Structure formats: C-alpha cells, structure tokens
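Quick notes on the structure that follows.
The values are calculated or read from the model by the stated rules, or taken from the named source; none is laboratory data. All values derive from a computational prediction rather than experimental measurement. For the accessible areas, the whole protein counts, side chains as well, though only heavy atoms, and no ligand, DNA or RNA atoms are used. Shrake-Rupley method; radii C 1.70, N 1.55, O 1.52, S 1.80 Å.
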Amino acid sequence: MKSVFAAPVHVRTEVHSLPYGDPLKYFLSLGNLLGQNEVYIVESLSGQLDDARRSYVGFGPLLTLRIKREHVHLEGREGLCVCLANLAQEAGLLVKTEEPNSFRLVNRKALWDLLRIAESIFMLVVPHPGKAFHFGFFGYFGYDAAWAIEDLPVNIPDIGSIPDVSLSIY
C-alpha cells in the first residue's frame, strides 16, 4: 500500500491563549466530546514560577506507536501509519505480520531507529521555539524498554499485555 503522505509532512502549530479556566474541566469536556483516548493534560504545579503556571490540554493524536518486546502496533491517520511502516520496512527495521497495522522489529534495539524515522516524517514550524510543548512524542517508556538499550538477562517471565513503549505524536 502506498502512502498518501510524502515525508516530510509539514506541520504548523499555533498557540492560543484562553481566558483562565480550570484545565481539568477543559480536559474532561474535550474527553466527553472527542473520547478519553483522544485528549491529554499536562500540568506543572511546582518548579520555576513560569513553568508552574502552565497547563496544556491537547487532543487529536496523529500517530501512536505501541511496542511490546519486538511487536509494533501503529494507530492513527492511515497515511501516516503507512508512511512510517514503508520507511521502516525499507530501512530493514520492521517486518509485516498478519495482524492489521502490526509489525515485528528485527531486534529490540531497532526501536530507537524506528523512533528517529517517525520523527523525521515531520517538518515542524514553531511560532515561539522553546516556550512550550507544541508537537512531538507524548507517552511513556516502561521498565522493559531497558532491553532495547542493553542486553539483559530475562529473570522474570513477562505475562502482561501492557506495552513496553507507548508514544503518540500530537
């Protein structure tokens, strides 16, 4: 399947100040409107004065990568999923599996190159660099992501289904 996107995808972000309101209320309202998996909230309640007064509520992930050991599942805008999958397969990092939008990393350490390819798809224009989060990965690296960094013995069997890495691009 050919991607409808040609890398890089140009992204322009805008920042709009809103009248003060409860960020949690905005988050919950957007969650009710769009679905809880479509929104996020980040608040800084301590730290430098400027940072401690900021809250970010965002919505609409473009692309989500969920990785459990070597298994990779892509969700989001179809064209972006296809573009990333094609580029990663051409680079020899991913092999298609039978499940829709699912792939296998050639090895666990290929995770980092996969993330670099995902990042390279986008060309970002930021109105005020360094002032705030505008665009990028949002999510987590779980404890088992350590196996993508170094060779470690497997002492505890993995019986869970929680991804080692779950990152969305907003």
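Brief remarks on what is shown
- Probe 1.4 Å, all protein chains present, accessible-area order of Y20, Y143, Y40, largest first: Y20, Y143, Y40
- Under 18 Å of direct C-alpha separation, and excluding same-chain neighbours fewer than eight residues apart, K25 reaches these aspartates and glutamates: E38, E43.
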